[in-house]
Amino acid sequence: LGHGADEGTVLVAKRQSAGKGRHGRAWASPPGGLYVSLVVRPDPKYVATLGLLSGIPVVKALRHFGVFANLKWPNDVVFMEKKIGGILSEGVYRGDAFYGVIGVGVNTGIDLDRLPEDGRARATSVKREVPGYVDNDEFLEYMMKHFEDIVSKFRTGTRDRLIKDYRGLCTTIGKDVVVSTARGKVAGRAYDVTPLGALVVMAPDGGKTEVVDGTVEYSR
């Protein structure tokens, strides 16, 4: 962005030495995976919503190439409850201009032994789940076609329809959850996702709480 990147700029890395996820957590980015950053220019209040919706093209690409993935609110892409990808949306001002950066990491051609030992049991990859070879360039091309569709629809005011699509792919809805937030934990049944992307959690007494940001754990 410091060099004046235009909206629609796509940056692709073969590996990342300091990949990060939400809340500053480390994101393992060994060679073989797909690591993409997309520059957008949304209204600042919608950057998190657009990041949420950016999981849709990732899931569509994974399903196209043989992995029936789903979304875990807010930004995890999962297969059989194992993480296979993630999205990080961030906003930054450069002078008076606001930029949004949507970062996507997908475990495509990764051997799981290249991931940190403490995360291997909770992760999977396209290479692990699909018997044939999946080319990263082909995966990226298919995914970006659907990213462009998401951004276009977002701009034309069909966000409610996109949130409906997100709900259909999000397996968090309907599960009993404990959500860790900056203000403490919220427990109950994940009931819905609002038009701006907040998770609605219904307590046993019927009270509803909208969680804008948090880490979800499923109750067993």
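The values are calculated or read from the model by the stated rules, or taken from the named source; none is laboratory data. The structure displayed is predicted, hence computed values, not measured ones. For neighbour counting, all protein chains shown are included, and Cβ atoms are generated from backbone atoms with ideal geometry for every residue, glycine included. All accessible areas refer to the heavy atoms of the entire protein, side chains included, with ligands and DNA or RNA removed. Shrake-Rupley method; radii C 1.70, N 1.55, O 1.52, S 1.80 Å.
Remarks
- Boolean, residue 141 is in a helix (DSSP H, G or I) and modelled with pLDDT of 95 or more: yes
- Hits in segment 84-107 (condition: part of a strand (DSSP E or B), more than 15 Å from residue 45 (Cα to Cα) and not aliphatic (A, V, I, L, M)): 85, 86, 94, 103, 105
- Note on segment 82-98: residues that are over 16 Å from residue 38 (Cα atoms), surrounded by 15 or more Cβ atoms within 10 Å (Cβ to Cβ) and among the charged types (D, E, K, R) total 2.
- Checked against the criterion of being within 18 Å of residue 165 (Cα to Cα) and without any contact (Cβ under 8 Å) to a residue 60 or more places away in the chain, segment 84-94 contains one or more residues that satisfy it.
- For the criterion of being open to solvent by 40 Å² or more (accessible area, probe 1.4 Å), among the charged types (D, E, K, R), modelled with pLDDT of 95 or more and in contact with a His (Cβ under 7 Å, 6 or more places away or on another chain), residue 60 passes.
- Members of segment 195-205 that are open to solvent by less than 40 Å² (accessible area, probe 1.4 Å) and farther than 16 Å from residue 184 by Cβ: 197, 198, 200
- Breaking point among (1) touching a Gly at 6+ places or on another chain (Cβ under 7 Å); (2) buried (at least 16 other Cβ atoms within 10 Å of the Cβ), for residue 170: (1)
- Residue that is nearest to residue 78 (Cα to Cα) [pool: residues in segment 113-124 that are open to solvent by less than 30 Å² (accessible area, probe 1.4 Å) and not in a loop (DSSP other than H, G, I, E, B)]: 123
- Residues within segment 206-220 that are assigned to a loop (DSSP other than H, G, I, E, B), open to solvent by less than 100 Å² (accessible area, probe 1.4 Å) and either of a type in the set (D, E, K, R) or under 13 Å from residue 187 (Cβ atoms) (or both), tallied: 4
- Criterion (open to solvent by 30 Å² or more (accessible area, probe 1.4 Å), under 19 Å from residue 58 (Cβ atoms), at pLDDT 90 or above and within 16 Å of the chain's Cα centre (by Cα)) met by exactly one of 106, 101: 101
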